[in-house]
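The values are calculated or read from the model by the stated rules, or taken from the named source; none is laboratory data. Given the structure is predicted, the values throughout are model-derived calculations rather than measurements. Ideal geometry is used to build each Cβ from the backbone, glycine not excepted, and the neighbour counts take in all protein chains shown. Calculation scope for accessible area: heavy atoms of the full protein, side chains included, ligands and nucleic acids excluded. Shrake-Rupley method; radii C 1.70, N 1.55, O 1.52, S 1.80 Å.
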Amino acid sequence: KYIRQSHPRTAIGYYEPGHYCLVIVDGRQNDYSRGMFLDEMAKLFEDLGCKAAYNLDGGHSSFMLMKSKIVSHPYRPKREISDGIFICEPEVGL
């Protein structure tokens, strides 16, 4: 029952080799964001044209960093995360 409720979410969508879509949904914040239900997340990825999508995590583990700065609005920003997904550009000449 719990996973079917509206929550902050982190998910990745697949377009084709080398082309992905990462989505972070904030939630549990009155007057800002309630989060998403799984069927809403599935519809979003379908609308974005992804061939497949995977729900990765949720709750206070859902946040996005860009250049070491938090760019989402997690409802509980002080949480240690033991893993993550890193996307890096290859160095020129490799």
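Taken over the range 11-20, the criterion of being touching a Phe, Trp or Tyr at 6+ places or on another chain (Cβ under 8 Å) and either among the acidic types (Asp, Glu) or open to solvent by 20 Å² or more (accessible area, probe 1.4 Å) (or both) is satisfied by ILE12, TYR14, TYR20. Pairs are defined by a Cβ separation below 7 Å, a sequence spacing of at least 6 or placement on different chains, a first member in the range 11-26 that is small (Gly, Ala, Ser), and a second member that is part of a loop (DSSP other than H, G, I, E, B); the pairs so defined are GLY13/LEU48; GLY13/CYS50. Between TYR32, TYR2, the distinction of being open to solvent by 60 Å² or more (accessible area, probe 1.4 Å) and either touching a residue at least 40 places away in the same chain (Cβ under 8 Å) or polar (S, T, N, Q) (or both) belongs to TYR32 only.
Does any residue of the range 43-60 turn out to be of a type in the set (Ser, Thr, Tyr), at pLDDT 70 or above and either within 13 Å of THR10 (Cα to Cα) or part of a strand (DSSP E or B) (or both)? Yes, the range 43-60 contains a residue that is of a type in the set (Ser, Thr, Tyr), at pLDDT 70 or above and either within 13 Å of THR10 (Cα to Cα) or part of a strand (DSSP E or B) (or both).
Residue count for the range 62-94 satisfying the condition of being surrounded by 11 or more Cβ atoms within 10 Å (Cβ to Cβ), modelled with pLDDT of 75 or more and farther than 15 Å from SER33 by Cα: 3.
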